[in-house]
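Report on the structure given below.
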Amino acid sequence: MLKVSRKTEYALIVLQHISQCAADQRVQVTEIAEEHDLPRELLAKVMQRMKRVGLLTSTKGVAGGYQLSRPLGETRFIDVVRPFEDNLALVECMDDKASRCQRHDCCSLRNPMMVLNGWLMRQFSQLTMDEFIRMRPPAPCPDDDVSRVPIASLMMSRSPNPAPPPPVAASPAPSAGPAEGPPLGTGTT
């Protein structure tokens, strides 16, 4: 299952932190590590890799530090994730070399998962870091909003071959006229 690593999370934090600084300001590893309570050594390695892949630039010396190599609007989410993730697949079988699944060649879910994985990668490739950093949680949905409907029920309602409705018990035939005698349960005969 797709889950970003701690290194990717730290890279995202770094870009968010630096983006909030003045354009000409250089940021040091220690500053970010202390402000976000991150391990300095691991953060330094993450930032060095970010420099190697072109996300950051660095200047050595007393006034040195890191800066963005380009505006966040020109950096895609995938550009930040890919250097730190070996497998960006939703499920293991998306990677033909690493899959240990015995059903790899005959699984009925493999193709739909490949389509979904491709869609997700396109979203990652289109999303800029500027857009990502500005994201906020969505407002609560009204109770009748379709986004709160379980996905299984949506899938069933869109089925090309819906299941037939359950049989309805036969109702007695209507009588030709009013019933003779007193109503049932009155005790009179």
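Only the coordinates and a few stated rules stand behind these numbers; no lab work does. Note that the structure is predicted; figures quoted are calculated from it, not measured. Using ideal geometry, Cβ is built from the backbone for each residue, glycine included, and neighbour counts are taken over all protein chains shown.
List of remarks:
- Full extension of the chain segment joining residue 131 with residue 85 gains 14.5 nm, where the gain is 0.36 nm per residue of separation less the Cα-Cα distance.
- Coordinate range along principal axes, alpha carbons of the stretch 44-85, Å, largest first: 33, 22, 10
- When each of 91, 14, 62 is scored by the number of other beta-carbon atoms lying within 10 Å, the sequence from fewest to most is 62, 91, 14.
- Classified by the C-alpha gyration tensor, the stretch 3-99 has a prolate form. Its axis ratio a/c, with a ≥ b ≥ c, is 1.5 or above, and a/b is larger than b/c.
- Coupling constants for the stretch 25-41 follow from the phi torsions by the Karplus curve (6.51 cos²θ - 1.76 cosθ + 1.60, θ = phi - 60°), and in residue order they are 7, 9, 10, 9, 4, 4, 4, 5, 4, 6, 5, 10, 6, 10, x, 4, 5 Hz; glycine and proline get x.
- Label-point gap, in nm, between residue 23 and residue 37 - each point 7 angstrom along Cα→Cβ: 3.5 nm
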